[in-house]
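A short reminder: the numbers here are calculations on the coordinates, not readings from a lab. Bear in mind the structure is a predicted one, so any value in this text is a computation, not a measurement. Neighbour counts are summed over all protein chains in view; Cβ atoms, including those assigned to glycine, are modelled from backbone coordinates with ideal geometry.
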Amino acid sequence: MDRVMKLASQKAVVIFSKSSCSMCHAIKRLFYDLGASPAIHELYEDPRGREMERALFGLGFSPTVPAVFIGGRLLRLDSTSTVMSLHLNGSLVPMLKEAGAIWL
């Protein structure tokens, strides 16, 4: 869990993902479209990916991806719904500005 939290705090937006996950792709695309450049940690490609997936599960993620952190803070346990809700209600862009992920 320490590794996940350390990685989550190293950039304004951090996404733990699996390349086979369609929701992960949608969330990553949204952040790129908004001008953010998130740190992406592909669990299948990282030698410690299984360990990180267990840590995400331990934090309450089920499914474990996508797991989104903004400004080092976890975005609830259902990141996909939370990110989409924040985007639709106009809160995501200000949150990204506050975290220093975008400057628009």
What share of the DSSP beta bridges in segment 3-99 is antiparallel, in percent to the nearest 5?
-> 60
Which peptide among 25-31, 1-7 comes first, and what is the full order, when sorted by highest mean count of other Cβ atoms within 10 Å?
-> 25-31, 1-7
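Where does the charge balance sit around Ser22 when Lys and Arg score +1, Asp and Glu -1, over other residues with C-beta under 12 Å from its C-beta?
+3
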For segment 17-32, Karplus couplings with θ = phi - 60° (6.51, -1.76, 1.60), whole Hz, Gly/Pro x | 9, 10, 4, 8, 8, 5, 5, 4, 4, 4, 5, 4, 4, 4, 5, 4
Segment 42-65 scanned against label point 7 Å out from His25 along Cα→C-beta; backbone N under 11 Å for none
Step through the residues of segment 64-70 one at a time and calculate ³J(HN,Hα) from phi using the Karplus curve (6.51 cos²θ - 1.76 cosθ + 1.60, θ = phi - 60°), rounding each to whole Hz and writing x for Gly and Pro.
-> 7, 10, x, 10, 10, 10, 10
Can you tell me how much longer the chain between Ser91 and Lys6 gets when fully stretched, taken as 0.36 nm per residue apart minus their C-alpha distance, in nm with one decimal?
-> 28.1 nm
Pulled fully out, how much extra length does the chain show between Arg76 and Phe57, if you take 0.36 nm times their separation in residues and subtract their Cα-Cα distance?
-> 5.6 nm
